[in-house]
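> The following block contains the structure, expressed as C-alpha cells.
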Amino acid sequence: MGIETDIANDWHAALAALAWQVELGVSDIVGETPLDRYDLPEPVKPAPPPPPQRASAVAPMPEPVAAAPDAAIHAASDAANRATSRDGLRDALAAFDLCELKKGARNLVFCDGNPNARVLVLGEAPGREEDLQGRPFVGAAGQLLDRMFAAIGLSRNSPDPATALYITNVMPWRPPQNRDPSPDEIAMMRPFVERHITLVDPDVIVVMGNTPLQALLKTKGILRARGTWAQALGKPVLPMAHPAYLLRKPEAKREAWADLLSLQAKLRG
Ligand code: URA
C-alpha cells in the first residue's frame, strides 16, 4: 500500500472516528490552557449499578422460547434446505406462504451489501422505509448503523471483503406497526436465517437486537448479552444493541463503541 493510500485511509478513519465522537454527544474539544482539576468541585457520583447476576457473568442465561407450530417449521426447513444459492433462497422465501406477515408487506426484504464480506450483520425486521425500498436498514436506524460500522472502517458498499458488510434480517417482511416478531414467527424463519448464513459463510456474525439474538442464540436479553462473544453455526457471534435502541438511548452508544472495537480486534486477530 502506498503512502498516499495510507494518508487517505487515515483521513477517512479519522473522520469516521470524529463523526462517532459527535454521535456520542461530544461537543467540546480540550482547550490549550491547562485546567487545575484539583480546584474543581467534586463530581456527583452516580448510584452504583445493580450487581450483575452471577449466572450471566460468562454467557446470558437462556430463557425458554415458545415453539411455533411444527408443520410450519418443517415446511420452512424443507424450503430453506433445498436452496443451494442466495438467489434460490430468496425465491424460496418469496414462495413461502405460511408466515402471516407476508400478507401485510409491500416487499420482501432479503439483503444488502457484499455477499463476500467477512462480517454479516443480522437485524430484526424491516420497518416502513425498508418495506418500501425492499432493502434492510435504510431508515434512521440504518443510517446510524452505517455510521457505526464506518467508524471501524466497514461499509455495505465496500467491494473489498475485508472492509465490507453483508446485511440481512431475521424477518424478511415488515410486521404491522413495527411490532416485535412473535416467538412463533422467529422460529418459523429460523431455518431460512440459518441457511442464509451458511450460504454466505461469513467469518463473523453481528446480531443486532433481541430478535436475531433469539433466532440465532435462542436466548433473550440483548442488553445482558451484548459485548459477550458467543458461537452459532460454528461461527463467532457478537450480540450488540440495536441501532434503533441507540437512537432512543444515546448513553448506550459508549457500550456500542466498545463492542465495535471488540469486533475490530476479532477481525484483526
Ligand atoms: N431494523 C432492523 O432490524 N432491520 C431493518 O432492516 C430496519 C430496521
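> Which of (1) charged (D, E, K, R); (2) within 10 Å of the ligand (Cβ to nearest atom); (3) free of Cβ contacts under 8 Å to residues at least 40 places away in the same chain does Asp131 not meet, given it meets every other one?
Of everything listed in (1) charged (D, E, K, R); (2) within 10 Å of the ligand (Cβ to nearest atom); (3) free of Cβ contacts under 8 Å to residues at least 40 places away in the same chain, Asp131 misses just condition (3).
> Specify which of the listed residues (Arg118, Arg156) is more than 15 Å from the ligand (Cβ to nearest atom) and touching a residue at least 24 places away in the same chain (Cβ under 8 Å).
None of the other options fit; the residue is Arg118.
> Within segment 74-93, is there a residue that is over 14 Å from the mean Cα position of the chain (by Cα), within 14 Å of the ligand (Cβ to nearest atom) and under 16 Å from Val170 (Cβ atoms)?
no
> May I pose another question? Quick one: in segment 185-221, which of the residues that are in a loop (DSSP other than H, G, I, E, B) and not polar (S, T, N, Q) is surrounded by the most Cβ atoms within 10 Å (Cβ to Cβ)?
Taking the candidates together, the pick is Gly209.
> Does segment 232-255 hold any residues that are touching a Gly at 6+ places or on another chain (Cβ under 9 Å), assigned to a helix (DSSP H, G or I) and farther than 20 Å from Asn178 by Cβ, and which are they?
Hits for segment 232-255 are Pro250, Glu251, Lys253, Glu255.
> Quickly run through segment 156-184 and pick out the residues that are of a type in the set (Lys, Arg) and either surrounded by fewer than 17 Cβ atoms within 10 Å (Cβ to Cβ) or within 18 Å of Lys103 (Cβ to Cβ) (or both).
Within segment 156-184, Arg174, Arg179 meet the criteria.
> Looking only at segment 222-243, filter to residues that are of a type in the set (A, V, I, L, M, F, W, C) and surrounded by fewer than 21 Cβ atoms within 10 Å (Cβ to Cβ); which one of those is farthest from Glu185 (Cα to Cα)?
Filtering segment 222-243 for residues that are of a type in the set (A, V, I, L, M, F, W, C) and surrounded by fewer than 21 Cβ atoms within 10 Å (Cβ to Cβ), the one farthest from Glu185 (Cα to Cα) comes out as Trp229.
None of the figures in this text is laboratory data; all of them are computed from the coordinates on show. Bear in mind the structure is a predicted one, so any value in this text is a computation, not a measurement. Note that we place each Cβ from the backbone using ideal geometry, even for glycine, and neighbour counts take in every protein chain shown.
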